[in-house]
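**Q** The structure under discussion is supplied below as structure tokens; questions concerning it will follow.
The values are calculated or read from the model by the stated rules, or taken from the named source; none is laboratory data. All values derive from a computational prediction rather than experimental measurement. Please note: Cβ atoms are built from the backbone with ideal geometry, for glycine as well, and neighbour counts cover all protein chains shown.
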Amino acid sequence: MNIANWLHDQARCHPQRPALFHGAEQVADYRAFADHAATIGGLLRERHGVVPGDRVALFMKNGVDYLPLMHGIWWTGAVVVPVNAKLHAAEAAWIAGNAESKLVITDDGRTFQNPSLESGVELAAGDLVASGTPTARTQPPHPRRAEDLAWLFYTSGTTGRSKGVMLSHGNLVAMALCYPVDVEPVTGDDALLYAAPMSHGAGLYNFIFVRAGARHVLPVSRGFDAAEVLDLARRLDRVSLFAAPTMVKRMVAEARRQGEHGEGLKSVVYGGAPMYTADIREALSVLGPRFIQIYGQGESPMTITALDRRRIADHEAPDWERHLASVGRAQSCVDVRVVDAQMRPLPPGESGEVVVRGLTVMAGYWRNDDASRDTLVDGWLRTGDIGFLDEQGFLTLTDRSKDVIISGGTNIYPREVEEVLAQHPAITEVSVIGERDPEWGEIVVAFVVADDNIKAEELNLWFSERMASFKKPKKYYFRDDLPKNSYGKILKTELRKQLEVLSDGTVS
Ligand code: AMP
């Protein structure tokens, strides 16, 4: 089935239910939302020749047009390629090109030169959104099978290049159906607030709330502003949101500042990066029992494990602290195992790689058979995360086998940062790692061997001209050489030890 059927269905059964909100102001009911999507779908087909299976990239910040555009693309049977709006135009162009996108839709008329987009067209969202008249309402979404591609989710690989995770309509349906079973039930009175980028987790959750005929709230800031989130929750009531641990920390600090306790906030679903126990305790003490944790990755979107509200909040339960440090138990449509290097299951308590099999697991990476073969082994997805299970099936993540840096819930891959810095003529060697940070979880830091006279400011400028600023190193450590093993490979483990010593203040 086409995932857009749920929107079509809501519009037929509950046309007047409030659907889209710009801040606290309603801008569309379900009929208008679905009409809009169907009209966009019609325009894409008739004016731009989009046919089922074509890829259409969205390079946009969160906003009220995002959901109608996404659903409009699905209405035609085409595939959405959401691109994180924080990426540099060159990175976005690379993704759009790799996906062989027929169209790239931007929200502010941003254009990007991209030789690989020869036949592609760039389009400002306003052209589509403003020019349609609602005529195609009666036309249902183009039929799709469960295995047909719906969403190309671009993540980064350890090789430094993004990979397109192929998510089918069936994967998305399974993800959405797990939510009421494993996270919490949703009704038509609820609201989903999109404070994290809609190109990732926040956007993935839209289906659940469409299916329930609930409200979709797009912050006026088009991003995350803790005061705005608390204000919208107060005004709209029964508001849920997906938030990275960094966002939770900021909400807690803001609530504390205002003497607020999260009135109107139904639940905060957190995940995407480790949540430190001290932080979730603080969050519970300020905002109360409103938290649910999920662990997922693009390759099994939002759906590997979940830790429910009661387990998180019930501090009198005997295993509370242990459960709080875990990411919960397998969601209902997946099997989760911890395995050794030969993929053999390990007994409870033993650490190994977390692997997942089930209805949400991707079909593979777009046009990348080698990476697909390495990652999917006999139907099991190798997550690259290290952890252990207990007797009851609670999973605790201990480490990441890859060197990904997670800063504020966003994955940053050191290799691509290193490649940009390594291009600078004054730099001879570079290695990038994450440094623990109380606010961001981790920050990007670079160890460099460079000409004496080079300054951090100059490197920052070099970087800003080439890559998104959130990937820019926050600190540079200048060295005469970098530690290496006998094969000449730089030892990141040694660099991490150096950082620990530095933060102890023992050595400078
Ligand atoms: P992404 O594919 O961008 O969603 O990143 C997925 C990665 O984020 C996972 O493989 C984990 O390393 C990390 N992650 C996701 N959820 C959690 C969580 N609840 N706790 C700790 N790490 C997490």
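**Q** Name the residue that is nearest to the chain's Cα centre (by Cα), counting only residues in region 390-416 that are modelled with pLDDT of 90 or more and away from the ligand (no atom under 14 Å from the Cβ).
**A** 393
**Q** If you don't mind, there's one more thing I want to ask. Within region 350-363, which residues are modelled with pLDDT of 95 or more and part of a strand (DSSP E or B)?
**A** Those that are modelled with pLDDT of 95 or more and part of a strand (DSSP E or B): 354, 355, 356, 357, 358.
**Q** List every residue pair whose Cβ atoms sit under 8 Å apart, with the two residues 6 or more apart in sequence or on different chains, where the first one lies in region 80-108 and is at pLDDT below 85 and the second, anywhere, is aliphatic (A, V, I, L, M) and in a strand (DSSP E or B).
**A** Qualifying pairs under 8 Å: 108/124.
**Q** Residues 55, 17, 47: which one is on the phi < 0 side of the Ramachandran plot and free of Cβ contacts under 8 Å to residues at least 60 places away in the same chain?
**A** Exactly one of 55, 17, 47 is on the phi < 0 side of the Ramachandran plot and free of Cβ contacts under 8 Å to residues at least 60 places away in the same chain, namely 47.
**Q** Would you mind finding the one in 382, 344 that is more than 16 Å from the ligand (Cβ to nearest atom), of a type in the set (Lys, Arg) and modelled with pLDDT of 95 or more?
**A** Exactly one of 382, 344 is more than 16 Å from the ligand (Cβ to nearest atom), of a type in the set (Lys, Arg) and modelled with pLDDT of 95 or more, namely 344.
**Q** Filter region 364-376 for residues that are within 20 Å of the chain's Cα centre (by Cα) and in a loop (DSSP other than H, G, I, E, B); which is surrounded by the fewest Cβ atoms within 10 Å (Cβ to Cβ)?
**A** 364
**Q** Out of 262, 213, I need the residue that is touching a residue at least 60 places away in the same chain (Cβ under 8 Å), crowded, with 19+ Cβ neighbours inside 10 Å and touching a helix residue (DSSP H, G or I) at 6+ places or on another chain (Cβ under 7 Å). Which one?
**A** Exactly one residue qualifies, and that residue is 213.
**Q** Quick check on region 45-61. Is at least one of its residues within 16 Å of residue 162 (Cα to Cα) and at pLDDT below 90?
**A** Within region 45-61, not a single residue is within 16 Å of residue 162 (Cα to Cα) and at pLDDT below 90.
**Q** Here's a check for you: in region 280-289, which residue that is within 20 Å of residue 184 (Cα to Cα), out of contact with any Lys or Arg (no Cβ under 7 Å at 6 or more places or on another chain) and free of Cβ contacts under 8 Å to residues at least 40 places away in the same chain is nearest to the ligand (Cβ to nearest atom)?
**A** 283
**Q** Checking the conditions here, which among 313, 330, 306, 278 is among the hydrophobic types (A, V, I, L, M, F, W, C) and modelled with pLDDT under 95?
**A** Result of the check over 313, 330, 306, 278: 278.
**Q** Follow-up question, since we're still on this one. Inspect region 222-242 for any residue being buried (at least 22 other Cβ atoms within 10 Å of the Cβ), aromatic (Phe, Trp, Tyr) and more than 14 Å from the ligand (Cβ to nearest atom) and give the result as yes or no.
**A** Yes, there is a match, as at least one residue in region 222-242 is buried (at least 22 other Cβ atoms within 10 Å of the Cβ), aromatic (Phe, Trp, Tyr) and more than 14 Å from the ligand (Cβ to nearest atom).
**Q** Would you mention how many residues in region 79-111 are surrounded by fewer than 20 Cβ atoms within 10 Å (Cβ to Cβ) and among the acidic types (Asp, Glu)?
**A** 2
The rows are residues; the columns are (1) surrounded by fewer than 14 Cβ atoms within 10 Å (Cβ to Cβ); (2) under 24 Å from residue 326 (Cα atoms).
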residue	(1), (2)
336	no, yes
343	no, yes
362	no, no
378	yes, no
384	no, yes
392	yes, yes
404	no, yes
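**Q** Does region 281-296 hold any residues that are assigned to a helix (DSSP H, G or I), at pLDDT 95 or above and surrounded by fewer than 23 Cβ atoms within 10 Å (Cβ to Cβ), and which are they?
**A** Selection gives 284, 285, 286, 287.
**Q** Within region 311-325, identify whether any single residue is under 30 Å from residue 95 (Cβ atoms), over 20 Å from the mean Cα position of the chain (by Cα), within 16 Å of the ligand (Cβ to nearest atom) and surrounded by 15 or more Cβ atoms within 10 Å (Cβ to Cβ), and answer yes or no.
**A** No: region 311-325 contains no residue that is under 30 Å from residue 95 (Cβ atoms), over 20 Å from the mean Cα position of the chain (by Cα), within 16 Å of the ligand (Cβ to nearest atom) and surrounded by 15 or more Cβ atoms within 10 Å (Cβ to Cβ).
**Q** I'd like the full set of residues that are within 13 Å of the ligand (Cβ to nearest atom) and either surrounded by 22 or more Cβ atoms within 10 Å (Cβ to Cβ) or assigned to a loop (DSSP other than H, G, I, E, B) (or both), limited to region 265-279.
**A** Matches in region 265-279: 268, 269, 270, 271, 272, 273, 274, 275, 276.
**Q** Sticking with this one: State the number of residues belonging to region 405-427 that are in a loop (DSSP other than H, G, I, E, B) and within 21 Å of residue 460 (Cα to Cα).
**A** Total satisfying the criteria: 6.
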